[in-house]
Amino acid sequence: MPKVSVVMPVFNGEKFIKMAIESILNQTYKDFELVIINDGSTDSSAEIIQSYQDERIRFLENEGNRGIFYTRNRLFEEAKGEYIAILDCDDCAEPIRLEKQVAFLDENEEFGLVGSWITIIDNENTIKGAWQLEHRPERIAAKLLFLNQFAQSSIMMRKEFSELKYRKEYPPAEDYDLWIRIAHKTRVINLPESLIKYRIHDNNISQTQRETADRNVLKIYKNQLEELGVYATPDELKTHTKIGNMNFEVNNKVFFEKAKNWLELLHTKNQRIRVYKTLVFNELLGEYWAELLSKNIDLDLAKESFKNSLLSPLLSANKKDSLSKAFRLRSFPLNYTVKPILHFFKKKKNK
C-alpha cells in the first residue's frame, strides 16, 4: 500500500494536464500512487493520461460528467494511501512537495492537514505573484472565520479526515467548508514555502462561478458565526467580508461605526463562549481594529473610539503608539503649527 495517494480530478484538462502529471511523477518522494478520475472530458485528456505507462498511475473514469463535487469525493474513496495529497490538473507541484509534507505529518502526529504557500502562474507558465497564506497553526482556526487560509492543490491530509468529504451545499467553495470542519477536529498548518504553482486562467471555477462562490462563502461565514452565538444579517455579513479582506472604506463614518460595532460584538461573544483561543482571537481582532483606525484617522469618531473602545486594549504596543502619534498629528495640522512658527521667525528677521 502506498504511503501517499495523490488525487487529481480532470475535466477537459488537455492544455495543462501533462505538466501536472509529470510534476508528480518527478517527485523526490517516490512512495505514492497518482489516482486520476476523468469526469467525462470531451477533449484529449483521457488519451494524454493513458499515454503514460507508469504503474503508479491509477486511471478511472466517471460515467459521463458527474461534476467536481462528486469526482473529488470519489477520489477520496478510491485513495489507498495513509496520506491524501490534492493536485488539480491545471496546477503543478514542486519536486520536493510530497517529501516535505510527508516528513511534516510523520513528525507531527497532532496535525491532520498540511498545506503550503503557493506561486501564481498564468496560461503561459509566467509567474504572476505569490500567496503567503497564514502559516502559524495557532492563528489559522481563528482566521478561517474571516477568510479561507488554504490553497486546495497544496493540501495533504491524513486519510481519516477525508471521510468528512466535501458538501454539495457550497459550490465552488466546498473546499473552504471542508478545511473549517477539519480544523475543528485536528491541528492544521501551512508550510511557509511555496510547494505549488497555482494557475490562474479564464476557466478557473472561481472565476466562472464568482457570484455563486461569493454567495456560498457568506453561508460558510454564517455557519461559523452562529457557533459564536452571532446571527448575522446580510448587511453584517457584508461588513464581515470587508473586514476579512482588509477592504476598509477610508474616512467613512457609517462604515467605521458598523465595523467597530461588529468587531466589538465578536470580541464579546468569544470572551463568553471561547470558540477560539482567547489570546489568539484577541490578537487578530486587534490587527483588524488597527487597520480600521488607520484608514479613518481623519474622523473624530475614530479618535474617540481609539480612546474608549474595548478593542483598543487588544492593540499591540507598537500599533497603539503609532496610532496615538497619528491622531496627535491630526490634532495639530500643518496650517496651525508650522506655518505660524515660520511667520513668527520671518517677522522677527525683518525687524
- Going by the conditions given, is Phe59 at pLDDT 95 or above, within 23 Å of Arg199 (Cβ to Cβ) and open to solvent by 40 Å² or more (accessible area, probe 1.4 Å)? yes
- Query: Quick check: anything in region 125-140 in contact (Cβ under 8 Å) with a residue 40 or more places away in the chain and in contact with a Leu (Cβ under 8 Å, 6 or more places away or on another chain)?
  - Reply: yes
- Query: What helices (runs of 4 or more DSSP H) lie completely within region 253-351 and have 1 or more residues being at pLDDT 95 or above and of a type outside the set (S, T, N, Q)?
  - Reply: 253-273, 278-294, 300-308, 317-331
- Inside region 55-67, the number of residues satisfying the requirement of being within 25 Å of Pro172 (Cα to Cα) and either of a type in the set (A, V, I, L, M, F, W, C) or not in a loop (DSSP other than H, G, I, E, B) (or both) is 3
- Return yes or no: is Ala142 within 16 Å of Leu87 (Cβ to Cβ), among the small types (Gly, Ala, Ser), out of contact with any Asp or Glu (no Cβ under 7 Å at 6 or more places or on another chain) and at pLDDT 95 or above? no
- Message: Just checking: which of the strands (runs of 3 or more DSSP E) contained wholly in region 106-225 hold 2 or more residues that are of a type in the set (Gly, Ala, Ser), surrounded by fewer than 18 Cβ atoms within 10 Å (Cβ to Cβ) and touching a His at 6+ places or on another chain (Cβ under 9 Å)?
- Response: none
- Those residues of region 45-69 which are within 20 Å of Ile24 (Cα to Cα) and small (Gly, Ala, Ser) amount to Ser45, Ala46, Ser51
- Query: With respect to the numbered conditions (1) aromatic (Phe, Trp, Tyr); (2) open to solvent by 50 Å² or more (accessible area, probe 1.4 Å); (3) outside any helix (DSSP H, G or I), which one is the sole condition not fulfilled by Tyr52?
  - Reply: (2)
- Query: How many residues does region 11-33 hold that are under 15 Å from Ser44 (Cα atoms) and assigned to a loop (DSSP other than H, G, I, E, B)?
  - Reply: 6
- Task: Mind telling me which of the residues Asn282, Asn247 ends up being surrounded by fewer than 16 Cβ atoms within 10 Å (Cβ to Cβ) and closer than 18 Å to Glu134 by Cβ?
- Result: Asn247
- Please go through region 307-327 and pick out each residue that is of a type in the set (A, V, I, L, M, F, W, C) and closer than 16 Å to His267 by Cα. Leu310, Leu311, Leu314, Leu315
- Item | Hits in region 307-324 - residues which are of a type in the set (A, V, I, L, M), touching a helix residue (DSSP H, G or I) at 6+ places or on another chain (Cβ under 8 Å) and surrounded by fewer than 18 Cβ atoms within 10 Å (Cβ to Cβ) | Leu310
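The values are calculated or read from the model by the stated rules, or taken from the named source; none is laboratory data. Bear in mind that the values here come from a model prediction, so they are computed numbers and not experimental data. When we count neighbours, we look across all protein chains shown, and the Cβ atoms used for this are built from the backbone with ideal geometry, even at glycine. These accessible areas exclude ligands, DNA and RNA; they are computed on the full protein's heavy atoms, side chains included. Shrake-Rupley method; radii C 1.70, N 1.55, O 1.52, S 1.80 Å.
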